[in-house]
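The values are calculated or read from the model by the stated rules, or taken from the named source; none is laboratory data. Remember, it's a predicted structure, so these values are computed and weren't measured experimentally. Virtual Cβ from ideal backbone geometry, glycine too; neighbours counted across all protein chains shown. Surface accessibility is based on the protein's heavy atoms, side chains included, excluding ligands, DNA and RNA. Shrake-Rupley method; radii C 1.70, N 1.55, O 1.52, S 1.80 Å.
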Amino acid sequence: MRTMASFIVSVIVSVVVLGLIGFAVAQTIPKMEWAVHDPNRPLPTVLDPGPAGPPVVPPPGATVLFDGRDLSQWADAKGNPPRWKVEKGTMEVAAGTGSIQTKQGFSDCHLHVEWAAPVVVKGEGQERGNSGVFLMNFYEVQVLDCYDNKTYADGMTAAIYGQYPPMFNVCRKPGEWQTYDITFHAPRFDKDKKLLTPAWMTLSHNGIVVQSYAVLTGPTAHKMRPPYVAHADKLPVSLQDHGCPVRYRNIWIKEL
Ligand code: MG
């Protein structure tokens, strides 16, 4: 009798605890105030970051993903050597050859990326200097030339695409080197593929914090905010081919 009673109590306790965990997870994904790509969403203040500095030296313990010499750390989506151009210490998107991704997978990290929008200004809105830095292949920090170029707020430079506009527009002129420093915390899933904790990101653009502990609603996507789908603990970093000759240099990552 006593055993039965304690069994019932333990079932009730378990249900309450699991309910609380579920509630806590639901609470950690913020409710979005704005619809995806809402054209009325205010654009951030423009801020001049000053001139570009030299490449930032990787700290001890960092993995260098691109040092200007070759793409040995990268592959295309099929696992073949990328066909992006490497010259003068930079890599350049070769339009139509596809996005590229690191051979190695990563989870929680500090990722440093230097990029430059094309010198020859071409296209408007999303068509001007579009590329992207994807954490774990699912979560995009937008790369775009928003120096004197307007687009929807959650798709501009340094936006977490479709979710969060940056707090400032810190773009340098096309052709000038810019930096992203991303602190990324990967989402966690339990063994039943349920979300335990969502991904979050903090991002500095040209040394200015523009995303501060932004909690992602799920993978980033065009015109939608899909829910999380359980994935591996470690996945590649990828760079997007959006048809624009964006250049990259000095990319390194430090696992946290
Ligand atoms: Mg993009």
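Counting heavy atoms of the protein chains only and a 1.4 Å probe, report the per residue accessible area for the stretch 31-255 as a whole number of Å². Let's see the in-between values first.
On the way: 10420 Å² over 225 residues.
Normalised by residue count, the accessible surface of the stretch 31-255 is 46 Å².
I need the phi-derived Karplus couplings for the stretch 168-181: 6.51 cos²θ - 1.76 cosθ + 1.60, θ = phi - 60°, integer Hz, Gly and Pro marked x.
Per residue, the Karplus-derived 3J(HN,Hα) values read 9, 9, 10, 5, 8, 5, x, x, 8, 6, 10, 10, 10, 10 Hz.
Could you identify which residue out of Ala221, Ala117, Ala153 has the top mean-square fluctuation in a GNM of the chain using Cα springs shorter than 10 Å?
Ala221
For a test of the definition: using alpha carbon positions, the gyration tensor, and the 1.5 limit on a/c, classify the chain as rounded, prolate or oblate.
Numbers: a/c = 2.36, a/b = 1.73, b/c = 1.36.
Prolate, since a/c reaches 1.5 and a/b exceeds b/c.
Computed FRET efficiency, Cβ-Cβ of Lys191 and Val57, R0 35 Å: what is it to the nearest 0.05?
0.30
Can you pull out the trypsin sites (Lys or Arg not before Pro) in the stretch 102-155 that DSSP calls coil and that have at most 13 other Cβ atoms within 10 Å? Intermediate results must be reported in sequence, preceding the final value.
Values: sites: Lys103, Lys122, Arg128, Lys150; in loops: Lys103, Lys122, Arg128, Lys150.
Answer by residue number: Lys103, Lys122, Lys150.
Determine the gain in length on full extension of the stretch Thr45-Lys150; use 0.36 nm per residue of separation and subtract their C-alpha separation, reporting nm with one decimal.
Numbers: separation 105, 0.36 × 105 = 37.80 nm, distance 1.24 nm.
That pair, Thr45 and Lys150, stretches by 36.6 nm at full extension.
Too long at a 23 Å Cα-Cα cut-off: which of Lys88/Lys173; Lys194/Lys234; Lys85/Lys150; Lys234/Lys254?
Working: Lys88/Lys173 20 Å; Lys194/Lys234 17 Å; Lys85/Lys150 28 Å; Lys234/Lys254 14 Å.
Checking Cα-Cα distances, Lys85/Lys150 exceed 23 Å.
So for the chain: antiparallel DSSP bridges make up what percent, rounded to the nearest 5?
Within the chain, antiparallel bridges account for around 95 percent of the total.
Carbon-plus-sulfur fraction of the accessible area of the chain, 1.4 Å probe, in percent?
Summing carbon and sulfur atoms, their accessible area is 60 percent of the total for the chain.
For the chain, modelled as a GNM with alpha-carbon contacts under 10 angstrom, which of Leu196, Leu43, Leu144 fluctuates the most?
Residue with maximal mean-square fluctuation among Leu196, Leu43, Leu144: Leu196.
Anyone know which of Ile160, Ile100, Ile29 comes out most mobile in the 10 Å Cα GNM of the chain?
Among Ile160, Ile100, Ile29, the largest mean-square fluctuation in the Gaussian network model of the chain belongs to Ile29.
For the stretch 104-256, rounded, prolate or oblate, judged on the Cα gyration tensor with a ≥ b ≥ c (square roots of eigenvalues), a/c < 1.5 rounded, else prolate if a/b > b/c? Walk me through the intermediate numbers first.
Values: a/c = 1.94, a/b = 1.64, b/c = 1.18.
It is prolate, given that a/c is not under 1.5 and a/b is the larger ratio.
Modelled label-to-label distance, Arg69 and Met32, 7 Å Cα→beta-carbon offset: nm?
4.2
What FRET efficiency comes out for Lys223 versus Lys122 if R0 is 25 angstrom and r is the Cβ-Cβ distance? Round to the nearest 0.05.
0.55
Just flag the trypsin sites (Lys or Arg not before Pro) in the stretch 172-256 sitting in loop per DSSP whose Cβ has no more than 13 other Cβ atoms within 10 Å.
Here the sparse-neighbourhood loop sites are Lys191, Lys193, Lys194, Lys223.
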